[in-house]
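Engineer: Pasting a structure here, questions to come.
The values are calculated or read from the model by the stated rules, or taken from the named source; none is laboratory data. Computed from a predicted model, the values in this text were never measured in an experiment. Every residue, glycine among them, receives a Cβ derived from its backbone with ideal geometry; neighbour counts consider all protein chains shown. Note: areas computed on protein heavy atoms with side chains; ligands, DNA, RNA excluded. Shrake-Rupley method; radii C 1.70, N 1.55, O 1.52, S 1.80 Å.
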Amino acid sequence: MLINQKRYLSSQKRVFGLFIIALICITCFMTIGLKGNIGYILMHRTWIMLTMILVAFSAATSTLLFQTVTNNRILTPSIMGFESLFVLIQTIVIFFIDTQGIPYIGMIGRFIFESLLLVLFSLFLYRGLFTKLKQNLHLVLLIGIILGTLFRSLSNLLQRLMTPSEFAILQSRIFATFTRAEPILIVFSLVLVVIIGLFLWRMRYQFDVLALGRDNAVNLGIDYQKSITIILLLVSVLVSISTALVGPFTFLGLLIANLAYSVSGSSQHRFLLPTAFLLGVIFLVGGQMFLERILNMVGALSIVIEFIGGSLFIFLLLKKVPM
């Protein structure tokens, strides 16, 4: 009992320490180099900071929940083709409908429409995949990679048939950057993330049971099929939010989720979820500040994160993390 209490306090302290570091990063990002029209600069930085916080939450939470469902620390929504599917949906909408999306529904309407398509497709493709092939995760990984490759190939085919103006608009939507998100979409995403976050926090203990595996979860009274459906739905929405705001980040979730397992000092989701989220904020806000203020934007943060995350993915494969 004493050991568990010490571990509990230790995990709490680690989360609190990460919170302080994240707060310092946010404060430095908002205040360093302030000159000129301070009001405009602060507002501009606020939107960028909120974008990074939303992406950090979406990437961290969706990856952790996805890995809880699959009971595997290598699989992520991006690797399994969720973001490729979102890019394909964006491409199809621009190619077959209009560069502004479906007429008269606005930016929020377009986001909701594209997110609903992603949710429907992902539930149709992956819900049965995880429930029927649960005992063969190597096959799940193979099918997911194949589907992701298929989605990217279809996107590339349609992009080659686009006019230059259509292709330019598509590239502006799917290239990862933190400065292009519209304020109205940021506010809408913030409201959505708060609602999802509160709902997930109420389910945090249920995630611990699901992490024990399908058979144990069923024996402990969990409605496994219903839980899987809810989690995949929420993962799809979070992937939609992240991709719609800044574009696809293939390895961001993998990087912060795997670090969270080590840094949190616990396997409980009440510590894993906030740890992964705070690590995401530190990487994105701190990394963006480092590139802007110290390296004078000699590179893109997305490229650095993708390189580190991709290297980690290869390392995990070579290390033969238990499947």
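Engineer: What about Ala217, is it in contact with a helix residue (DSSP H, G or I) (Cβ under 9 Å, 6 or more places away or on another chain), free of Cβ contacts under 8 Å to residues at least 12 places away in the same chain, assigned to a helix (DSSP H, G or I) and crowded, with 18+ Cβ neighbours inside 10 Å?
Structural biologist: Values: in contact with a helix residue (DSSP H, G or I) (Cβ under 9 Å, 6 or more places away or on another chain): yes; free of Cβ contacts under 8 Å to residues at least 12 places away in the same chain: yes; assigned to a helix (DSSP H, G or I): yes; crowded, with 18+ Cβ neighbours inside 10 Å: yes.
The answer is yes for Ala217.
Engineer: Next question. What are the residues in segment 125-154 that are among the polar types (S, T, N, Q), at pLDDT below 70 and either open to solvent by 50 Å² or more (accessible area, probe 1.4 Å) or more than 25 Å from Gln225 (Cβ to Cβ) (or both), if any?
Structural biologist: Kept after step one, since they are among the polar types (S, T, N, Q), are these residues of segment 125-154: 131, 135-136, 149, 153.
Among the residues that remain, those that are also at pLDDT below 70 are: 131, 135-136.
Those that are among the polar types (S, T, N, Q), at pLDDT below 70 and either open to solvent by 50 Å² or more (accessible area, probe 1.4 Å) or more than 25 Å from Gln225 (Cβ to Cβ) (or both): Gln135, Asn136.
Engineer: Based on what the data block shows, is Val298 modelled with pLDDT under 90, touching a helix residue (DSSP H, G or I) at 6+ places or on another chain (Cβ under 9 Å), surrounded by fewer than 18 Cβ atoms within 10 Å (Cβ to Cβ) and farther than 20 Å from Phe207 by Cα?
Structural biologist: Working: modelled with pLDDT under 90: yes; touching a helix residue (DSSP H, G or I) at 6+ places or on another chain (Cβ under 9 Å): yes; surrounded by fewer than 18 Cβ atoms within 10 Å (Cβ to Cβ): yes; farther than 20 Å from Phe207 by Cα: yes.
Here the answer is yes, as Val298 does meet what is asked.
Engineer: May I ask you to say which residue of Ser262, Ser267 is without any contact (Cβ under 8 Å) to a residue 12 or more places away in the chain, open to solvent by 10 Å² or more (accessible area, probe 1.4 Å) and over 15 Å from the mean Cα position of the chain (by Cα)?
Structural biologist: Numbers: Ser267 fails: without any contact (Cβ under 8 Å) to a residue 12 or more places away in the chain.
None of the others qualify; the one that does is Ser262.
Engineer: Consider Leu157 against the criteria (1) among the hydrophobic types (A, V, I, L, M, F, W, C); (2) touching a residue at least 40 places away in the same chain (Cβ under 8 Å); (3) open to solvent by 60 Å² or more (accessible area, probe 1.4 Å): it satisfies all of them except one. Which criterion is unmet?
Structural biologist: (2)
Engineer: For residues that are among the basic types (Lys, Arg), at pLDDT 80 or above and within 18 Å of Ser264 (Cβ to Cβ), scanning just segment 1-59, find the one that is nearest to the chain's Cα centre (by Cα).
Structural biologist: If we filter segment 1-59 for residues that are among the basic types (Lys, Arg), which is where we start, we get 6-7, 13-14, 35, 45.
Next, only the ones that are at pLDDT 80 or above stay: 13-14, 45.
Next, from what is left, pick out any that are within 18 Å of Ser264 (Cβ to Cβ): 13-14.
On the way: Lys13: 25, Arg14: 22 Å.
So, considering only residues that are among the basic types (Lys, Arg), at pLDDT 80 or above and within 18 Å of Ser264 (Cβ to Cβ), the one nearest to the chain's Cα centre (by Cα) is Arg14.
Engineer: Spot the failing condition for Ile184; the list is (1) open to solvent by 30 Å² or more (accessible area, probe 1.4 Å); (2) over 19 Å from Met49 (Cα atoms), and only one is missed.
Structural biologist: Of the numbered conditions (1) open to solvent by 30 Å² or more (accessible area, probe 1.4 Å); (2) over 19 Å from Met49 (Cα atoms), the odd one out for Ile184 is (2).
Engineer: Test Phe188 against the stated conditions and say whether it is touching a helix residue (DSSP H, G or I) at 6+ places or on another chain (Cβ under 6 Å), aromatic (Phe, Trp, Tyr) and modelled with pLDDT of 85 or more.
Structural biologist: On the way: touching a helix residue (DSSP H, G or I) at 6+ places or on another chain (Cβ under 6 Å): yes; aromatic (Phe, Trp, Tyr): yes; modelled with pLDDT of 85 or more: yes.
Judged against the criteria, Phe188 is a match.
Engineer: To continue, here is another question. Just give me the residues in segment 220-249 being assigned to a loop (DSSP other than H, G, I, E, B) and open to solvent by less than 30 Å² (accessible area, probe 1.4 Å), in sequence order. Even if it seems obvious, please write down each step before you answer.
Structural biologist: The initial filter retains those residues of segment 220-249 that are assigned to a loop (DSSP other than H, G, I, E, B), namely 220-223, 247-249.
Of everything in segment 220-249, those that are assigned to a loop (DSSP other than H, G, I, E, B) and open to solvent by less than 30 Å² (accessible area, probe 1.4 Å) turn out to be Gly247, Phe249.
Engineer: Criterion first (open to solvent by less than 40 Å² (accessible area, probe 1.4 Å), part of a helix (DSSP H, G or I) and touching a residue at least 24 places away in the same chain (Cβ under 8 Å)) does Thr76 satisfy it? Full working, then the answer.
Structural biologist: Details: open to solvent by less than 40 Å² (accessible area, probe 1.4 Å): yes; part of a helix (DSSP H, G or I): no; touching a residue at least 24 places away in the same chain (Cβ under 8 Å): yes.
When the stated conditions are applied, Thr76 does not pass them.
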